[in-house]
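**Q** Right, I'll just put the structure down here and ask away after.
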Amino acid sequence: MEENKMKKKYQTLLFDIDDTLLDFGAAENEALEKLFSRVDGVKLTDTIKKDYKKFNQSLWKSMEQGKLSREKLLSTRFTEFFNQEFGIEVDNNKMSEQYLTYLSQGHQEVTGAHQLLNELQQQSFKLFVVTNGVERVQTKRLADSHFDAYFTDIFISEQTGYQKPNKKFFNYVFNKISDFDSDNSLIIGDSLTSDIAGGINAGIDTVWFNPEHKRNLTNYSADYTVHRLSEIKNLLIN
């Protein structure tokens with residue numbers, strides 16, 4: 001754990017979902033396996049899986065940067081990938097619907113997530129979700145994992161009309177939270193370019209959840225860095 005003393009007393013906690021509370025990688029792997037099993041003549045290898053994830057991440061980065069709309073991403077993602085990877089045409093809309101359905105079924109928790117949320121709730125912290133993603137997917141994953149019960153409200157980019165790290169996303173969130181005070185609010189997430197950059201843009205403190213001990217190669221510096229979710233409880237409650 002780095003910078004292991006909280007600078008102030010926090011009350012409002014904004015949590016990212018993917019790879020912070022729920023294992024997105026596991027959900028994505030299962031969804032891809034199911035999706036590719038329905039495509040004749042195409043086999044999902046580890047290389048293809050890596051290629052897809054790299055391609056998909058580049059699209060989401062473009063969306064974070066305001067260079068690509070959500071509608072464009074969802075309406076062309078599989079057409080473009082299958083064309084460039086296999087040279088075949090697919091029905092993007094049908095494939096996208098199937099993939100999102102499969103993705104919504106993945107709700108494996110990140111180690112310690114339930115315990116952390118339960119302990120924070122018992123300590124009367126106000127907990128909120130702030131996530132980029134498709135509303136029906138994220139809502140189902142939170143419900144199936146029973147995480148939704150911990151949160152006062154859930155804010156999803158499709159619902160707000162803006163993506164993290166856009167300040168407008170956070171303005172929407174702050175306006176919806178009763179008696180919001182940026183001085184006692186904290187965002188917790190794994191993405192430097194989405195969560196940490198978003199917190200900086202919005203003027204609130206940040207916790208970078210970095211379980212893989214990645215190097216920070218961006219210009220965004222979190223106020224705190226943790227490598228296990230249990231460290232967050234220790235920071236906030238002690």
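The values are calculated or read from the model by the stated rules, or taken from the named source; none is laboratory data. Being a predicted model, the structure only gives us computed values, none of them experimental. Methodologically, a virtual Cβ is constructed for each residue, glycine included, from the backbone with ideal geometry; neighbour enumeration extends over all protein chains shown.
**Q** Given the conditions (1) more than 17 Å from Asp144 (Cα to Cα); (2) at pLDDT 90 or above; (3) surrounded by fewer than 18 Cβ atoms within 10 Å (Cβ to Cβ), which single one is not true for Asp40?
**A** The one condition Asp40 does not meet is (2).
**Q** Out of all the residues in segment 212-233, which are surrounded by fewer than 21 Cβ atoms within 10 Å (Cβ to Cβ) and either touching a residue at least 40 places away in the same chain (Cβ under 8 Å) or touching a Pro at 6+ places or on another chain (Cβ under 7 Å) (or both)?
**A** Asp223, Thr225, His227, Arg228, Ser230, Glu231, Lys233 - these are the residues of segment 212-233 that are surrounded by fewer than 21 Cβ atoms within 10 Å (Cβ to Cβ) and either touching a residue at least 40 places away in the same chain (Cβ under 8 Å) or touching a Pro at 6+ places or on another chain (Cβ under 7 Å) (or both).
**Q** Report yes if Glu119 is in the same structural domain as Asp18 (by TED's automatic domain parsing), more than 26 Å from Leu35 (Cβ to Cβ), in contact (Cβ under 8 Å) with a residue 24 or more places away in the chain and acidic (Asp, Glu), otherwise no.
**A** Against the criterion (in the same structural domain as Asp18 (by TED's automatic domain parsing), more than 26 Å from Leu35 (Cβ to Cβ), in contact (Cβ under 8 Å) with a residue 24 or more places away in the chain and acidic (Asp, Glu)), Glu119 qualifies.
**Q** Take Leu73 and tell me if it is assigned to a loop (DSSP other than H, G, I, E, B), at pLDDT below 95, touching a Leu at 6+ places or on another chain (Cβ under 9 Å) and closer than 17 Å to Thr193 by Cβ.
**A** No, not satisfied.
**Q** Ser185 passes all but one of (1) surrounded by fewer than 22 Cβ atoms within 10 Å (Cβ to Cβ); (2) under 16 Å from Thr12 (Cβ atoms); (3) of a type in the set (S, T, N, Q); which number fails?
**A** Only one criterion in (1) surrounded by fewer than 22 Cβ atoms within 10 Å (Cβ to Cβ); (2) under 16 Å from Thr12 (Cβ atoms); (3) of a type in the set (S, T, N, Q) is unmet by Ser185, namely (1).
**Q** Just need a number here: residues in segment 215-236 that are among the charged types (D, E, K, R) and under 13 Å from Ser191 (Cα atoms).
**A** Of the residues in that region, 1 qualify.
**Q** Going residue by residue through segment 95-114, is there one that turns out to be part of a loop (DSSP other than H, G, I, E, B), of a type outside the set (D, E, K, R) and free of Cβ contacts under 8 Å to residues at least 24 places away in the same chain?
**A** no
**Q** Is it fair to say Asp23 is surrounded by 15 or more Cβ atoms within 10 Å (Cβ to Cβ), of a type outside the set (S, T, N, Q) and on the phi > 0 side of the Ramachandran plot?
**A** Considered against the rule, which asks whether it is surrounded by 15 or more Cβ atoms within 10 Å (Cβ to Cβ), of a type outside the set (S, T, N, Q) and on the phi > 0 side of the Ramachandran plot, Asp23 comes out as no.
**Q** Can you work out which of the residues in segment 125-143 that are among the charged types (D, E, K, R) and in a helix (DSSP H, G or I) is nearest to Glu71 (Cα to Cα)?
**A** Glu135
Residue by residue, here is whether (1) surrounded by 13 or more Cβ atoms within 10 Å (Cβ to Cβ); (2) over 23 Å from Gln138 (Cα atoms) holds:
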{"position": "Arg77", "(1), (2)": "yes, no"}
{"position": "Glu80", "(1), (2)": "yes, yes"}
{"position": "Gln84", "(1), (2)": "no, yes"}
{"position": "Gln98", "(1), (2)": "yes, no"}
{"position": "Gly106", "(1), (2)": "yes, no"}
